[in-house]
Amino acid sequence: MMFKGVDFWPHDRTFQIMKMRKVFVIISAVAFLAAVAMLATKGLNFGIDFKGGSLFEIKSRSGPVDIAALRSKLNALGLGDVQIQGLDKPEEALIRIEEQKGGEAGAGIEKAQQIAATKVQKALGEGIEIRRTEVVGPAVSGELKEAGFIAVLFAILGILLYIWFRFEWQFGIASIIALVHDIIITLGVFSLLGLEFGLTEVAALLTLAGYSINDTVVVFDRIRENLRRYKKLPLIELMNKSINQTLSRTIITSLTTLIAVLAIWIFGTEVIQGFAFALIFGILIGTWSSIFVASPFLLWIGVKRDWSSESSSKKPVGASV
């Protein structure tokens, strides 16, 4: 006995996405410009990895952490800005102290960081267990910030070259426009909400880049197949048909991934929640750009109608849906 799967997708309906392309692109442009404005004015709330300082993850042996008393005790040490944040369990907390100014030389500052960390450990006393300690000096934080920027830049360039090689340059430019749109808006949300941005969030951006471009490639691959199949169909109708043919795959894949990442965000520890949030928002904005941004820009850049005959030797990229 065979059981048929349940299909909730309205396959008999065609959404006129390309007819509304100007509206969707205007929405994306407004969000993009707002994100750029936030980054230019407010900037990112860099974590210990990028601005230097010390971080302590602690656990109280005698019950819930008294954050107010602990803050008063640590402020008395004269270490500058001290941030204390409770975690999921009431007996756990994160302590962050700002970078210590120990002199003009980098080595002097790093030594001051170590001295400040020792003071904090002594002030906490035996009733509090220090589960994790991170001390990042200015030299290391500067190198990490530069390395994070280079990693994202090389990821974008690598994706551009790959799409350009497997498709055509028009496809490559359109996919990079959509990808930069996703990354900048995600960074803008981090700036707006004041969320801490560190190395784990850079890893989330790289993951987002791969996820977003995968969705875009599936749509572009279907456009390429339809260019061969429908020689006389107007480009707007052809692209709209291609988007609709891959729409169920895009939505269902995004929802499935979103459920998994939501579980990480809800049940994960404070350390990984920034990573999970970046992925959650990245999945949403990446799905939006794959459907509503990439194809309109491909149309405006201009794809050759005779491209399919010139590139028939190229193998399709991505799964047919």
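Every number in this text was worked out from the coordinates using simple rules, so none of it is lab data. This is a predicted model, so every value here is computed, not measured. All Cβ positions, glycine included, derive from the backbone under ideal geometry; neighbour counts span all protein chains shown.
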### Message
Normalised by the empirical 2.2 N^0.38 Å for globular proteins, what value does the Cα Rg of the stretch 198-279 take?
### Response
1.45
#### Entry: Relative contact order %, the stretch 150-290, counting alpha carbon pairs below 8 Å whose residues are six or more apart
33
### Query
Quick one: if you take sqrt(5λ) for each eigenvalue of the C-alpha gyration tensor of the stretch 53-136, what semi-axes come out, biggest first, whole angstrom?
24, 12, 11
## Note on the structure
Nearest-0.05 FRET efficiency for Ala123 and Ile173 at R0 = 45 Å, using Cβ-Cβ distance, is 0.20
### Task
Note down the nm distance, to one decimal, between modelled labels 7 Å out along Cα→Cβ at Glu225 and at Lys42.
4.3
### Summary
Given 14-27, 237-250, the highest-first ranking by average Cβ count within 10 Å works out to 237-250, 14-27
### Message
At a threshold of 8 angstrom on Cα-Cα distance, excluding pairs fewer than six apart, so keeping six or more, what relative contact order does the stretch 53-136 reach in percent?
### Response
43
### Task
For a quick protection proxy, order the peptides 223-236, 149-162 by their average other-Cβ count within 10 Å, most packed first.
223-236, 149-162
### Query
Taking the Cβ-Cβ separation of Ile251 and Val180 as r and a Förster radius of 35 Å, what is the calculated FRET efficiency to the nearest 0.05?
0.90
### Distance violations [Cα-Cα > 18 Å] among Lys19/Lys241; Lys73/Lys122; Lys119/Lys145; Lys51/Lys145; Lys51/Lys122
Lys119/Lys145; Lys51/Lys122
### Task
Choose one of Val135, Gly53, Ile115: the residue whose Cα lies farthest towards the positive end of the charge dipole of the stretch 53-136 (beta-carbon charges +1 Lys, Arg; -1 Asp, Glu; about the Cα centre).
Ile115
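Extension gain Arg71-Met20, at 0.36 nm per residue separation less the Cα-Cα distance, in nm?
Working it through step by step, the gained length comes to 13.0 nm.
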### Message
Given R₀ = 51 Å, what would the calculated FRET efficiency be for Glu237 paired with Trp265, taking r from the Cβ atoms and rounding to 0.05?
### Response
0.80
